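K.L.:
Supplied in structure tokens, the structure appears directly below.
Any read-out appearing in this document is the output of simple, stated calculations on the displayed coordinates, not a laboratory observation. Note that the structure is a prediction, hence the values are computed from the model and not measured. A quick note on method: Cβ atoms are made from the backbone with ideal geometry, for glycine too, and the neighbour counts reach across all protein chains shown.
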Amino acid sequence: MASLLGDNEINRYTDRIRAVTFKEARDAGAAFITRKWIAQKLKRSERWVSMNWNKTVDECVTEFGEGRPLQMSQESHAIVADAGLRLKMSNREVAKQILQRRGKSVSYVTVHRDRQRQGFKAFRVIPKPLKTERNLHDRLWFAQFLSNWDEADCLHIVPSDEFFIYVIRKANTQNDRIWARSLEDIPDDEHYRQIVKCPDCIGLFAMFSAKRLMWVIKEQGVSWDGEYFRETVLKEHVLPFMADPINVLDTEEACFLHDNAPCFKSRATQDMLFNAPFDFFASNQWPGNSPDLNPAEHIGALIKEKVETRMLQERGPGRYARATLMANLLTVLHELEFESDLFERLLIGYPKRLRAVIDANGGHTKY
């Protein structure tokens with residue numbers, strides 16, 4: 001950490017070794033050793049510890065030298081430029097390639113900066129959700145809290161989510177980076193080019209029960225804030241949907257699930273739901289950073305995929321127009337509206353999601 005008084009390459013090398021050793025002691029049973037404890041012991045940040053404590057001793061030795069150069073060598077610079085022209089290599093992959101080809105250890109941060117200096121820009125960057133210790137604890141508590149729910153209980157859950165449908169669907173994979181100086185440097189890949197050129201999108205709130213899908217399309221130019229969520233989404237759509245036995249298996253047993261977007265967490269929204277004639281998971285119950293616990297994420301991904309398929313089949317000057325996107329979106333929504341078999345499978349599988357979180361001790365799951 002540059003702000004550490006008297007910090008130099010020798011100190012960094014020594015502290016890397018100590019961080020690795022402390023983690024090995026923790027894994028061997030020294031439960032009092034945590035990332036925070038190591039950071040305090042070494043007088044470094046927790047982020048620095050996280051970046052270094054999973055390294056091997058050999059990797060720590062490899063990074064040790066006479067100090068980091070102010071600039072990359074011309075050979076490494078050329079490797080970065082070549083990787084940029086190949087587009088899909090991440091910063092870490094480029095750093096690994098430099099180590100393999102030149103025997104020189106370069107930080108992925110250095111690669112990132114060199115790419116920026118060379119004029120490369122990153123397109124389609126979706127970072128992997130970072131789960132803090134609090135996230136892990138909350139997820140584990142939530143999964144254990146509902147662990148006695150069986151498949152019949154889960155059929156009464158009504159999950160919901162809000163998301164955006166783009167003219168060309170944005171990537172849905174983790175850590176997917178494409179580096180290029182401009183759109184023209186992305187050859188024969190209209191998918192990525194149009195993401196940048198035509199970012200028009202439609203906001204959508206979707207929820208489903210074991211019987212039916214319901215949706216609200218956000219009005220253009222309207223902010224998706226707490227007031228809009230209460231007055232338009234909840235009052236005009238969610239409350240009537242939950243109260244109608246045509247839509248849910250049992251109006252007295254229905255349980256509304258939302259994933260804690262800012263518009264949902266406001267006190268006024270929570271008060272409105274507390275006074276509603278159905279159960280719901282409050283903002284202090286739903287664990288943050290948990291898309292794998294919300295089956296509506298699956299429905300959202302399915303809607304995006306189907307809309308993208310239809311959009312890619314469009315031809316003519318209006319193929320990327322908002323009206324075209326709206327028409328295809330409505331077609332897909334009506335096709336899915338009564339897919340009760342799909343909805344039941346997602347809800348019946350909810351206990352498996354909970355068990356997966358418990359087995360992962362609150363960590364990432366395959367869902």
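K.L.:
Relative contact order of the range 133-359, please, whole-number percent, based on alpha carbon pairs below 8 angstrom and at least 6 residues apart.
P.N.:
Working: 298 pairs, mean separation 74.3, N = 227.
For the range 133-359, the relative contact order is 33 percent.
K.L.:
Could you give the nm distance between label points at residue 359 and residue 93, where each point is 7 Å from its Cα heading toward the beta carbon?
P.N.:
It is 3.0 nm.
K.L.:
Now a separate question. Return the tail of the calculated pair distribution for the range 133-359, meaning the percent of Cα-Cα pairs more than 26 Å apart.
P.N.:
Values: 10921 of 25651 pairs.
Within the range 133-359, distances greater than 26 Å cover 43 percent of Cα pairs.
K.L.:
Now for a separate question. Round to the nearest 0.05 the FRET efficiency obtained for residue 339 and residue 164 when R0 = 22 Å and r is the Cβ-Cβ distance.
P.N.:
On the way: r = 22 Å, r/R0 = 1.00.
Once the sixth-power term is evaluated, E becomes 0.50.
K.L.:
Also, I was wondering about something else. Could you give me D for the range 74-119, from Stokes-Einstein at 37 °C and 0.692 mPa s, where the hydrodynamic radius is the Kirkwood radius over C-alpha pairs? Units µm² s⁻¹, please. Kindly include the intermediate steps, with their values, before the conclusion.
P.N.:
Details: Rh = 10.1 Å.
Result for D is 324 µm²/s.
K.L.:
Only Lys, Arg, Asp and Glu count, each charged at its Cβ (+1, +1, -1, -1), so figure out the dipole size of the range 9-62 about its Cα centre, rounded to 20 debye.
P.N.:
Values: 12 positive and 7 negative charges, 62 e Å.
Using Cβ point charges on Lys, Arg, Asp and Glu, the range 9-62 gives about 300 debye.
K.L.:
According to the Cα gyration tensor, what semi-axes, each the square root of 5 times an eigenvalue, does the equivalent ellipsoid of the range 251-367 have, listed from largest to smallest in whole Å? Intermediate results must be reported in sequence, preceding the final value.
P.N.:
Numbers: eigenvalues 193, 76, 47 Å².
Those come to 31, 19, 15 Å.
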